[in-house]
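Structure, as structure tokens:
The values are calculated or read from the model by the stated rules, or taken from the named source; none is laboratory data. Since the model is a prediction, treat every value here as computed from it, not as a measurement. Neighbour counts run over all protein chains shown; Cβ positions are idealised from the backbone, glycine included.
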Amino acid sequence: MTAAVTGRAVPARELIAALTPAFTELPRAAEAAAADGPIGWPGYGEARARARARTGEPESVVCGIGDVGGTEAVLIAFEFGFLGGSIGEETGARIENAFITARDLSLPVVSLIASGGSRIQEGMCALTQLQRIARQMVRLRAAGLPHLAVLAGPVTGGGWATLGAGADVRVALPGAQIGFAGSRTRPPGADADAYTAEAQFAAGQVDQIVPAAGLGTVAARWLRLLTAPAAGPVAPPKALRAVPPPDSGWQAVRRAREADRPGAEAYLKAYFAERAPLGGTDPGLLCGFGMRDGRSVAYVAQCGAATRPAGFRAATRLVTLADRLSVPVLSLVDTPGAANDAEAERDGVGAAIAETITAVAGCRIPVTTLLVGEGGSGGAVALTSPGHTWVTPDSYYSVVAPERAVAILKRGPDDVPTTAEQLRLRPQDLVDLGIARGIVPAEPA
């Protein structure tokens, strides 16, 4: 398959063939009765006839069912050669029928998108198809079925603002043009590099950039992860360092801050056989889905830094998606607290924390939490599952870090160790207080 980076939009049938060797097309909706479309655009019928002759397709989208690496799915593939893959009434009808079929058969949906947006020659009749498509996407979500978008490019306008950006997981071909504004509608002098798969990935709007040759493998992996949930809640990981419980609160704090203590990445690597990350812009937080014992578990893990608003929003997205798909969640807590600088406040850190706390609290399958390092204040509590929290022997959990507690209480720096003891933040204290269910044992050597 030719990648989008070559400058040629990949034909619909070529995209389908990259994902599945066996494809059964869905029955096609009846073609429009009016030759020049719903608003009588002069020459529209002739333009459609030329598009049919050029592409061999009767419309700008091909819909059907195929086996993608062992998971049966409904595929919606855009043909960019048909009037720029634009969305008109017939396109909307075919997409609607595809989503209804997916719900009827309890199948996931894969959208293979190369679309310039709404079809000008159909006016507002075309634009309202976005509402039609969005309605079906909402119903698919309500049915607990996943939607994977493959952004083959170009993906602009309504194609991006519905099927693309609105999908549960978004992967893109390298160099694909992706953005709400198409090349002919951008402001003069706009930076073209901002409208690329790479720019959208950097902004957290695309989850993965996939070389064309690996598209089938990646799509199959995502479908497995989104459709094969483990029975939850899952068991917490074992501790990766065998140490005795700390003798004092201050020792617990200092131990949790040691540079050589195992962090989130080490725990994820030990827990999962394979992982697929979701996009995000906070490097201090990792989100995604992983395979453990052949079943899918979602994860959100703090990496020892102050979690920023974008990190909490990424966590909320992950937890909400996993809950809708009945995939259990593992959260690893390790943060001195939420970011509290002026930029974080302007970015709505309080609201972002609130959304994450609500998402965790509302999960139908309880989130399993393991405290693996520092558990500082609201930044930690946002990802902590009440009643389903465990701790490692080299962690602590506190209403606020001892140094900040001293400042709040107007005590001196020499009072930090005493204050740490008073906070009862040691792992064994947390178990005694009923905050944690237990201290996890160390992984056997």
Filter the helices (runs of 4 or more DSSP H) completely within region 63-182 down to those with at least 2 residues that are β-branched (Val, Ile, Thr) and either in contact (Cβ under 8 Å) with a residue 40 or more places away in the chain or surrounded by fewer than 19 Cβ atoms within 10 Å (Cβ to Cβ) (or both). 89-105, 129-142
Residue hits (region 360-375; of a type in the set (A, V, I, L, M, F, W, C), out of contact with any His (no Cβ under 9 Å at 6 or more places or on another chain) and surrounded by 24 or more Cβ atoms within 10 Å (Cβ to Cβ)) are Val360, Leu370, Leu371, Val372
Tabulated pairs, region 241-255, first in the same structural domain as Thr419 (by TED's automatic domain parsing), second part of a loop (DSSP other than H, G, I, E, B) and loosely packed, with under 13 Cβ neighbours inside 10 Å, C-beta under 6 angstrom, 6+ apart or interchain: none
Of the residues Val349, Val319, which single one is in the same structural domain as Gly378 (by TED's automatic domain parsing), under 25 Å from Lys269 (Cβ atoms), buried (at least 24 other Cβ atoms within 10 Å of the Cβ) and of a type outside the set (Ser, Thr, Tyr)? Val319
Need the failing condition index for Val367 against (1) under 32 Å from the mean Cα position of the chain (by Cα); (2) closer than 18 Å to Ser248 by Cα, just the number. (2)
For region 290-334, which positions are without any contact (Cβ under 8 Å) to a residue 60 or more places away in the chain, in a loop (DSSP other than H, G, I, E, B) and not basic (Lys, Arg)? Cys303, Ala305
Just to be sure, is Ile357 in contact with a strand residue (DSSP E or B) (Cβ under 8 Å, 6 or more places away or on another chain) and either surrounded by fewer than 21 Cβ atoms within 10 Å (Cβ to Cβ) or not basic (Lys, Arg) (or both)? no
Sole residue being modelled with pLDDT of 95 or more and either under 23 Å from Ser398 (Cα atoms) or crowded, with 20+ Cβ neighbours inside 10 Å (or both), chosen from Gly232, Gly311, Gly279: Gly311
Pick out the one residue from Pro246, Pro237, Pro262 that is assigned to a loop (DSSP other than H, G, I, E, B) and either surrounded by fewer than 22 Cβ atoms within 10 Å (Cβ to Cβ) or in contact with a His (Cβ under 9 Å, 6 or more places away or on another chain) (or both). Pro262
Here are the criteria: (1) within 20 Å of Cys287 (Cα to Cα); (2) modelled with pLDDT of 95 or more; (3) in a helix (DSSP H, G or I). Tell me which single one Glu343 does not satisfy. (1)
Go through region 1-35 and give me each residue that's assigned to a loop (DSSP other than H, G, I, E, B), modelled with pLDDT of 90 or more and surrounded by 13 or more Cβ atoms within 10 Å (Cβ to Cβ). Pro11, Thr20, Leu26
Output the residue which, of all residues in region 272-289 that are in contact with a Cys (Cβ under 7 Å, 6 or more places away or on another chain), of a type in the set (A, V, I, L, M, F, W, C) and outside any loop (DSSP other than H, G, I, E, B), is farthest from Leu148 (Cα to Cα). Leu285
